[in-house]
Amino acid sequence: MADLHIFSYLPNPRIMKATIAARLNGIDIEVRGAKPRELSDWLWDFEARSISDKDKDAFKDIARASRTGFDAVLYKTDSFLDAHPFGTVPAAFSPDGNVGIFESNSILRTAARLGEECVPLYGATVYEASRIDSFLDVSLVFARQSQIHLLALTNNRFGTEIRDETVGAMETYMAGINRALAGGRPALVGERLSIADICFVCETCQISRERAHTEKLRALGLAPVYDETALARTYPLAWKHFMALCHHEAFAPDIAPLMEKLAAGRN
Ligand SMILES: N[C@@H](CCC(=O)N[C@@H](CS)C(=O)NCC(=O)O)C(=O)O
């Protein structure tokens, strides 16, 4: 039986946080899901599964309007909403399905805690763990803005204001990461890789999904937020760290296929 179950749309850099941690510390994660637009044909549940139109009729009482990122009715069971009161994916569960864990950073923390005895990814002391939390928190602040930006692009509700706010959020995030790596530090916290580094890589990968909308930005005369040349020049330490980890053996199986697709302009 897997140590942790996750239901999500796929691919999703938010769940890659946990699967990268699992590759490093040896825990077993079961991932279920499908492409974003297919999740309206799924039952959102611990036993998540695809459902037919006939099933949908039977589940009409639990058809619920989506809030963020899905332009569709979603079939979320009552027990799913008990476990996941905000009704979002990625949605993680304990092996018996009784405990729901939401927010990708918390799912990442779960993966780290489960494999702590094998490979510590969550700091060697209370202070290190708390500093790691600090990076996870600033990453979530950045992630919220990057989500607004990406959804606006996807839904063609895009404008200069959102783009400018996202540029500001990216500058704040990258400048802090770059500064944290000054003096040749090998990792964001302490001397070894931690979930702070994993979270940084996955959030950078997430904003890079902007590349699927390059044409839209160009048509609007807007420069992209994710500009690899500018990022490498302005935040060299952060960029070097990102690049090195993208090629790391625990990261590459998740990150490389997505980055290759995005580099080709696909999502
Ligand atoms: N900060 C959250 C974001 C989760 C989130 O907003 N998920 C959206 C999809 S992008 C969702 O599940 N929406 C379901 C709905 O609208 O009903 C995380 O990192 O897990």
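Residue check: is LEU74 in a helix (DSSP H, G or I) and crowded, with 18+ Cβ neighbours inside 10 Å?
no
Looking at this structure, is SER40 over 25 Å from ILE132 (Cα atoms), hydroxyl-bearing (Ser, Thr, Tyr), assigned to a helix (DSSP H, G or I) and away from the ligand (no atom under 14 Å from the Cβ)?
Criteria not met by SER40.
Go over the candidates LYS17, LYS35 one by one and state the one that is buried (at least 16 other Cβ atoms within 10 Å of the Cβ), touching a residue at least 12 places away in the same chain (Cβ under 8 Å) and within 16 Å of the ligand (Cβ to nearest atom).
After ruling out the rest, the residue left standing is LYS17.
Could you check how many residues of segment 16-50 are touching a Gly at 6+ places or on another chain (Cβ under 8 Å) and among the aliphatic types (A, V, I, L, M)?
6
If a residue must be closer than 19 Å to PHE46 by Cβ and near the ligand (Cβ under 7 Å from one of its atoms), how many such residues does segment 65-78 contain?
Qualifying residue count for the region: 1.
Which of the residues that make up segment 85-104 are crowded, with 22+ Cβ neighbours inside 10 Å and within 12 Å of the ligand (Cβ to nearest atom)?
Of everything in segment 85-104, those that are crowded, with 22+ Cβ neighbours inside 10 Å and within 12 Å of the ligand (Cβ to nearest atom) turn out to be VAL89, PRO90, ALA91, ALA92, ILE101, SER104.
Show me the helices (runs of 4 or more DSSP H) found entirely inside segment 80-189 where at least 1 residues are of a type in the set (Asp, Glu) and in contact (Cβ under 8 Å) with a residue 12 or more places away in the chain.
Result: 126-154, 160-180.
Take segment 202-221 and flag every residue that is touching a helix residue (DSSP H, G or I) at 6+ places or on another chain (Cβ under 7 Å) and either among the small types (Gly, Ala, Ser) or open to solvent by less than 30 Å² (accessible area, probe 1.4 Å) (or both).
CYS202, GLU203, THR204, CYS205, GLN206, ILE207, SER208, ARG209, GLU210, ALA212, HIS213
Here's a check for you: in segment 133-177, which residue that is open to solvent by 70 Å² or more (accessible area, probe 1.4 Å) and of a type in the set (Ser, Thr, Tyr) is farthest from ALA219 (Cα to Cα)?
Once the filter is applied, the top-ranked residue is THR172.
Filter segment 206-264 down to the residues that are farther than 22 Å from THR166 by Cα, of a type in the set (A, V, I, L, M) and in a helix (DSSP H, G or I) and list them by number.
Correct list: ALA244, LEU245, ALA252, ILE255, ALA256.
Determine which member of the set ILE195, ILE177 is within 14 Å of the ligand (Cβ to nearest atom), modelled with pLDDT of 95 or more and out of contact with any Cys (no Cβ under 6 Å at 6 or more places or on another chain).
Testing whether each residue is within 14 Å of the ligand (Cβ to nearest atom), modelled with pLDDT of 95 or more and out of contact with any Cys (no Cβ under 6 Å at 6 or more places or on another chain) leaves just ILE195.
Condition first: more than 17 Å from SER208 (Cα to Cα), at pLDDT 95 or above and not small (Gly, Ala, Ser). Can you find one or more residues in segment 153-174 that meet it?
no
The values are calculated or read from the model by the stated rules, or taken from the named source; none is laboratory data. All figures in this text were calculated on a predicted structure; none of them were measured in a lab. FYI the Cβ positions are ideal-geometry reconstructions off the backbone, even for glycines, and counts take in every protein chain you see. All accessible areas refer to the heavy atoms of the entire protein, side chains included, with ligands and DNA or RNA removed. Shrake-Rupley method; radii C 1.70, N 1.55, O 1.52, S 1.80 Å.
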